[in-house]
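All remarks here apply to the structure that follows.
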Amino acid sequence: MTVTSVAPEATPGTAPRAKPVGGGLLDPKQLWRSTPGALRKLDPRSLWRNPVMLIVEVGAVFTTVLAITDPTVFAWLITIWLWLTVVFANLAEAVAEGRGKAQAASLRRAKQDAVARRLVGWGSETVREESVDAVALKQGDIVVCEAGDVIPGDGDVIEGIASVDESAITGESAPVIRESGGDRSAVTGGTKVLSDRIVVRITQKPGESFIDRMIALVEGASRQKTPNEIALNILLAALTIIFLLSVVTLQPMAIFAKGYQGAAPDTEAINADGVTGIVLVSLLVCLIPTTIGALLSAIGIAGMDRLVQRNVLAMSGRAVEAAGDVNTLLLDKTGTITLGNRQAAEFLPVEGVTAAEVADAAQLSSLADETPEGRSVVVLAKNEYKLRARDEGLMPHAHWVPFTAETRMSGVDVDGRRIRKGAAAAVMKWVRDNGGHPSGDVGPVVDGISASGGTPLVVAEHLDGQPARALGVIHLKDVVKAGMRERFDEMRRMGIRTVMITGDNPLTAKAIADEAGVDDFLAEAKPEDKMALIKKEQQGGRLVAMTGDGTNDAPALAQADVGVAMNTGTSAAKEAGNMVDLDSDPTKLIEIVEIGKQLLITRGALTTFSIANDIAKYFAIIPAMFTAVYPSLDAMNIMRLHSPTSAILSAIIFNALIIIALIPLALRGVTYRPSSASKLLSRNLLIYGLGGIVVPFIGIKLIDLLVQLIPGI
Amino acid sequence: MSSTGAGMIFLLTLLLALAVSYRFLGDYMYRVVSDAKHWRIERGVYRLVGVNADGEQSWGVYARSVLAFSAVSILFLYAFLRMQSLLPLSLGFDNVMTHGAWNTAVSFVTNTNWQWYSGESTMGHLVQMAGLAVQNFVSASVGIAVAVVLVRGFARRKTDQLGNFWVDLTRITLRVLLPISILATIVLIIGGAVQNLSGGTDVTTLAGATQHITGGPVASQEAIKDLGTNGGGFYNANSAHPFENPTSWTNWLEIFLLLVIPFSLPRVFGRMVGQNRQGYAIVAVMGILAVASIALTIGFESAHGGTVPQAVGAAMEGKDVRFGVPNSATFAAATTLTSTGSVNSFHDSYTSLGGMMPMINMMLGEVAPGGVGAGLYGMLILAVITVFVAGLMVGRTPEYVGKKIGAREIKFASLYFLVTPALALIGTAAAMATKNHETALNAGPHGFSEVLYAFTSASNNNGSAFAGITVNTAWWNTALGLAMLLGRFLPIVLVLGLAGSLARQQPVPESAGTLPTHKPLFVGMVVGVTVVLVALTFLPALALGPLAEGL
């Protein structure tokens, strides 16, 4: 027996090795362009949402007053750098928003000037067409679009078929087909009909179109704080209060100390009234978590932006965060794990027949089979046995028998030879009807293929005057996309369970599940089963993510914690999910999970960094404040900073510059490679924890070396 | 044997004994708080109080029960102290004045046992036994009960039922504290501690003067004073008094008693959440901090190069020669690492950095291992805060033993964390600003340390004093009383609230993506967070006190 197989095609939809998630680079010009926006954000009313930076601003106002009443070089420099701290924080947010604004602008262009051709009296005898402004369309209106028209609003095609250019929203220039009925009926406002004519029922409310929502999302206008962000804000607020307390309560203690050491000289840091206002504010600003406070909202905006760059629209930040928490991924088999359709993998001849003969007969009988399976037979015969596809037209006396769902066979009658190929049961019945006894020959092979999860197609021939006989079996099987096993292994390391959903029987499902390396599968799945599975997982406390496109997926998409609807799907599916993938690539769910995780990691890492920074600042500021009173405290000046004023100024400058230095990281997100929680923690703790302790010691010392050159410091 | 060698043996045997009791006492306490059956005597108590022992409470009801019970306790104790002269066994002592009674009532109900008075010359035997000693038992039980509720919050799922305060209180008192104290009392009596109802005897001293030496129910008070991490001594000299702490081995026993319950409670946590390793992780954090602190205290005390210590060969001022430097330093660290506050030497006389250590121990929030119950819940709060930051760094919504740490949980945890530093710092600043620090014996940084120590001790419910400061004034008694009251009950309410919101959750199943909270990395991180947060909060204040003095 000759066993042949085809290598899976490495073309569309394969999953390449995941790149580390990253974002675009930060263009220095972008910083400059965002500066006016950053200055506008100095308005306390807009800073109100960020209590940490609001405190810095209040402090800056206070030192400004002090610097005016009692001007010194030191006071003015501190004041300037405090203002810069606030501006830098605003700049981070402005840059993050700026990226979305550019995208929004291009979306707006797609929206402009659309004029709708509304059909009045649809369904009655007299249908009249009228021109209305697209913005005036209401839910339920019927419009007609012909080649060249821009579709005026979101809706479902109720009549006709057309090719549509959706590049305005997806960026993909290849047109897509939209037709009435089925799962490809949804159209999006702002896209353009390239050919033919469709009638569309509008499903959106005025001003709530897909494009409107996209604009709002990328601009960050509808941005709400996500649950983790709120929790982190609470922690930062608590830390801020603690530090506020330790700074405020320091004053009576300092007055006492200065009073006790009455002979100690007054300095710019401390006098008989206690620590000077400028220094007290500096201490406070250095201690409160300004770094993370400044970058927190930029991190959130940039996280959404990273999704947009991958053509995924998240309807809420909450969904992005939930994606990082997902425990279970439900993946549809077809299109996600395997290539679209089953393909012929090998020809298995019966005793006394060669594989080449089976291939030849199979090819002939499949020429009239336009199904993907049929075409894959022809492809396999060509690839493995160099059998060129014979043109139907070149065999004039042949009688072609096309594949139909009733007969479940296709074939050809030519020169007294009749060949049939099709579902095992159907072809074997045909052989028996024509006097043959196929069971003994192909029965075991057919059963073997079924048992392994494949689909057997039997090839048989009937020569005039002889009983029909089976020639062999075609093994059709699902072809798992390249690289999927590695992706699933990766998921497992991240602690995510993958479940394959398929309509196949359990046997077939198991075979593919084993080959692809998923953790579990749900066979013979009906939409209710999917729903039940999601609920069961959720009852166990797990978060579930899934993709879907059909209307019957909508309930499950709504139930799942992360439901990614394909853009090609129905509007019901898109409404139900909390994300839409404009590329309609179900594999992207995995990337979405990674982006969600990266968002959280970035927040955690910068929080750690921010708090760890405080240690070095203490070693700069405490000796600077009190060495004049208690000279022994000079032992804490381990960085050997030049003078008390240079030490405090260096700490403040470092505190401001670190914000600018970290903007690219906040926008790009910290590097994330899928691995177990332990590894991630040790790595990030090393970089951002230990780094957060060490970096400011070096930074403050270097700044001090420069600052001491300023006269009067 | 050299003092250092003896000190090492002292410490190692202590560690060994604690390690053994971790398992046994921990398992026993676990059974006590999860037992479905009531003892007959307990049922009698429930009938007397009129509670349904089989009905459980939500966190709000539990909190109200704790507060009501404590409020009644404070009022009762206050009344008791105010009419001491009318009571039997008063030894002729007067009624305690208002602010003093307030301070002492709050002090004993909050498990602080801050003493502005000298026990032997202020309190009669009845007040000591029926007033103060009773609170030594029940205030300790309240602490353990609250910790158990927090653990139930982690262990239970989708419920608002967190146990019954009256049942927890009764059981912990009757089944845990009472038997161990009775045992310890007997051992202490064997060791030479006194136990009688004598009004005292007058003896003629070497110099020919007459001294009145009070006897009393000392050993029994001593046992629960340490076991319940209360710390209120029968005598002013506390555990430095030979009637309280006669020998070196009773010194060992007392340190063991004050550490044993706090160090065993993490076992209850591990058992209840069904993962003993989580208990080991928590006890490891406590152990690392405790050992480091004890080592530093001994180190600072042994190595200080002051003129007098140099001359006499050791920093012996304020220490009892029976105990020497290592055993005194160990006691000082242990009493402040827990919320006990009993002393066998005088912290004010410690070297400046050595004296800073007890202060830092308390500033840590008394979590290593902390007061009975209070230590465990304080440590779990720190673990929650650590998990939150660490959890974000692994890319998931942070979770601890299956429970998500969201906005609500972090709110409770952060507020908890705010309370004691706020009280300690505001109190100290207020004393400085209102010139009430002037009752301090010393001026300058040491005088400041005395004030800082007093408020840190009161806010953290420790009760030990740096001493050297006259606190028997209306201002000090009132202010410290407030610090003790708020420092005890605000955190308790927040802990119970946290327990309530944890218990309501459906636990998240563990996976490879879950942050492992039982591994050394996490243990180290909790240690780091604890130390860094404290350092950041208190460093400016410490700089003006012990650091200015000692660097």
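The values are calculated or read from the model by the stated rules, or taken from the named source; none is laboratory data. Keep in mind that what you see is a predicted model, and the values were worked out from it rather than measured. As a convention, Cβ positions derive from the backbone with ideal geometry for all residues, glycine included, and neighbour counts pool all protein chains shown. What goes into the accessible areas is simple: the full protein's heavy atoms, side chains included, and nothing from ligands, DNA or RNA. Shrake-Rupley method; radii C 1.70, N 1.55, O 1.52, S 1.80 Å.
If each DSSP helix of 4+ residues adds -39,500 (n - 2.57) and the sum is divided by the residues in the protein assembly as shown, what number results at 222 nm, nearest 500 deg cm²/dmol?
-18000 deg cm²/dmol
Of A:386/A:477; A:477/A:535; A:29/A:701, which sit over 24 Å apart, Cα to Cα?
Result: A:477/A:535; A:29/A:701 exceed 24 Å.
Search the structure for amide H atoms under 5 Å from the amide H of residue A:159, placed 1.01 Å from N in the peptide plane, and list their residues when 5 or more places away or on another chain.
Counting only residues 5 or more places away or on other chains, the set is A:199.
Name the residues of the range B:499-514, by number, that are at least 10 Å² less accessible with every protein chain in place than in the isolated chain; the surface is that of heavy atoms, probe 1.4 Å, without ligands or nucleic acids.
Residues passing the criterion (a loss of at least 10 Å², heavy atoms only) are B:506, B:508, B:509, B:511, B:512, B:513.
Going through the DSSP H helices of chain B, which span 18 Å or more along their own axis at the Cα atoms while scoring at least 0.0 as a mean Kyte-Doolittle hydropathy?
Qualifying helices, which must be both long enough and hydrophobic enough, are B:3-34, B:59-82, B:134-155, B:178-191, B:248-272, B:276-303, B:324-337, B:374-393, B:407-433, B:444-459, B:474-503, B:520-542.
Taking the Cα centre of each part, how many Å lie between the range B:160-194 and the range A:342-375?
The distance from the Cα centre of the range B:160-194 to that of the range A:342-375 comes to 85 Å.
Assuming a ≥ b ≥ c are the square roots of the Cα gyration tensor eigenvalues, decide whether the protein assembly as shown counts as rounded (a/c under 1.5), prolate (otherwise, with a/b larger than b/c) or oblate.
It is prolate, given that a/c is not under 1.5 and a/b is the larger ratio.
Summing +1 for each Lys or Arg and -1 for each Asp or Glu, what net charge is found among the other residues whose Cβ lies under 12 Å from the Cβ of residue A:290?
-1
What FRET efficiency, computed as 1/(1 + (r/R0)^6) with R0 = 41 Å and r the Cβ-Cβ distance, is obtained for residue A:524 and residue A:415, rounded to the nearest 0.05?
0.40
Per residue of A:234-240, count partner chain C-beta atoms within 10 Å of its C-beta, then hand back the mean as an integer.
Values: counts 11, 10, 1, 3, 9, 7, 0.
Taking all residues of A:234-240 together, the mean is 6.
For the range A:67-84, what does the Karplus curve 6.51 cos²θ - 1.76 cosθ + 1.60, with θ = phi - 60°, yield as ³J(HN,Hα) per residue in whole Hz, taken in order and with x for Gly and Pro?
5, 6, 6, 9, x, 9, 4, 4, 4, 5, 5, 4, 4, 4, 6, 5, 4, 4
In what sequence, largest accessible area first, do B:182, A:419 appear using a 1.4 Å probe?
Ranking B:182, A:419 by accessible area, largest first, yields B:182, A:419.
Within the set of other residues whose C-beta is less than 13 Å from the C-beta of residue B:20, count the net charge using Lys and Arg as +1 and Asp and Glu as -1. Present the calculation step by step, with values, prior to reporting the outcome.
Details: positive: B:23, B:267; negative: B:27.
Charge balance near residue B:20 sits at +1.
Note down the nm distance, to one decimal, between modelled labels 7 Å out along Cα→Cβ at residue B:312 and at residue A:678.
That separation, rounded to one decimal, is 5.2 nm.
Average projected area of the Cα convex hull of chain B, in nm²?
Approximately 24.7 nm², given one-decimal rounding.
Tell me the carbon and sulfur percent of the accessible area for the protein assembly as shown, rounded to whole percent, probe radius 1.4 Å.
Carbon with sulfur: 62 percent of the solvent-accessible area.
Once the convex hull of the C-alpha atoms of the range A:479-628 is built, how many Å³ does it hold per residue, rounded to a whole number?
About 160 Å³ per residue, rounded to a whole number.
Computed on protein heavy atoms with a 1.4 Å probe, what is the summed buried accessible area for the chain pair B and A, in Å² to the nearest 100?
Working: alone 20420 and 30700 Å², together 46150 Å².
Chain pair B/A: roughly 5000 Å² of buried accessible area.
Roughly how many debye, to the nearest 20, is the charge dipole of the protein assembly as shown about its Cα centre, given +1 on each Lys and Arg Cβ, -1 on each Asp and Glu Cβ, and no other charges?
Working: 98 positive and 103 negative charges, 265 e Å.
That gives a dipole near 1280 debye.
On each of the three principal axes of the Cα atoms of the range B:374-550, give max minus min coordinate, whole Å, ordered largest first.
59, 33, 22
Around residue B:506, which amide H atoms from residues at least 5 apart in sequence, or from another chain, sit under 5 Å from its own amide H, with H modelled in the peptide plane?
B:158
How much accessible area per residue does the range B:374-550 have, counting only protein heavy atoms and a probe of 1.4 Å, in square angstrom? Provide the component values of the computation, followed by the final result.
Details: 4140 Å² over 177 residues.
Ligands and nucleic acids excluded, the figure is 23 Å² per residue.
Please name whichever of B:86, B:500, B:33 sits farthest to the positive end of the charge dipole of the protein assembly as shown, dipole taken about the Cα centre and charges placed at Cβ: Lys and Arg +1, Asp and Glu -1.
Value: B:86.
Considering only DSSP beta bridges where both residues belong to the protein assembly as shown, give the percentage that are antiparallel (nearest 5). Walk me through the numbers before you get to the answer.
Values: 73 of 92 bridges.
Bridges in the protein assembly as shown are about 80 percent antiparallel.
What's the magnitude of the charge dipole for chain A around its Cα centre, counting Lys and Arg as +1 and Asp and Glu as -1 at the beta-carbon? Answer in Debye, nearest 20.
Numbers: 69 positive and 78 negative charges, 366 e Å.
Dipole about the Cα centre, nearest 20: 1760 debye.
Quick one: angle between helix A:424-433 and the longest Cα principal axis of chain A, in degrees between 0 and 90, rounded to 10, please.
0
How big, on average over all directions, is the shadow cast by the Cα convex hull of the range A:349-474, in nm²?
7.4
Around residue A:128, under 15 Å between beta carbons, what's the net of Lys plus Arg minus Asp minus Glu among the other residues?
Working: positive: A:117, A:118; negative: A:125, A:129, A:130, A:141.
For residues surrounding residue A:128, the net value is -2.
DSSP loop (so not H, G, I, E, B), at most 11 other Cβ within 10 Å: list which GluC sites (Glu not before Pro) in the range A:512-555 pass both filters.
Details: sites: A:515, A:524, A:528, A:537; in loops: A:524.
Here no loop site has a sparse enough neighbourhood.
Just to confirm the number: angle between the C-alpha axis of helix A:277-287 and the first principal axis of chain A, 0 to 90 degrees, nearest 10?
On a 0 to 90 degree scale, this one is about 30.
Taking θ as phi - 60°, what are the ³J(HN,Hα) couplings along the range B:111-119 by the Karplus curve (6.51, -1.76, 1.60), each to the nearest whole Hz, with x for Gly and Pro?
Using θ = phi - 60°, the values come out as 6, 8, 6, 5, 10, 8, 10, 9, x Hz.
Considering the dipole of the protein assembly as shown built from charges on the beta carbon (Lys and Arg +1, Asp and Glu -1) around the Cα centre, which of B:122, A:120, B:223 is farthest to its positive end?
Checked the options; the winner is B:122.
Can you give me the C-alpha center-to-center distance between the range B:442-476 and the range A:223-248, rounded to a whole angstrom?
31
Mind checking the dipole of the range B:374-550: about its Cα centre, +1 per Lys or Arg Cβ, -1 per Asp or Glu Cβ, Debye to the nearest 20?
Using only the charged Cβ atoms, the result is roughly 580 debye.
Check residue A:522: other-chain or 5+ apart residues with amide H under 5 Å from its amide H, H built from backbone geometry?
Residues meeting the amide H criterion: A:500, A:501, A:502.
Cα axis of helix A:527-539 to longest principal axis of chain A: angle in degrees, 0 to 90, nearest 10?
Roughly 30 degrees between the two axes.
With all protein chains present and a 1.4 Å probe, how do A:354, B:173 order by accessible area, largest first?
A:354, B:173
Compute the Cα gyration tensor for the range B:1-124, then decide on rounded, prolate or oblate, letting a ≥ b ≥ c be the square roots of its eigenvalues: rounded whenever a/c is under 1.5, prolate when a/b is larger than b/c in the other cases, and oblate in all that remain.
Oblate, since a/c reaches 1.5 and b/c is not below a/b.
List for the range B:371-410: residues with 50 Å² or greater reduction in accessible area, all protein chains versus chain alone, probe 1.4 Å?
B:388, B:389, B:392, B:393, B:394, B:395, B:396, B:397
Out of A:587, B:324, A:337, whose Cα points farthest toward the positive end of the dipole of the protein assembly as shown (charges: +1 Lys, Arg; -1 Asp, Glu; placed on Cβ)?
The listed residue farthest towards the positive side: B:324.
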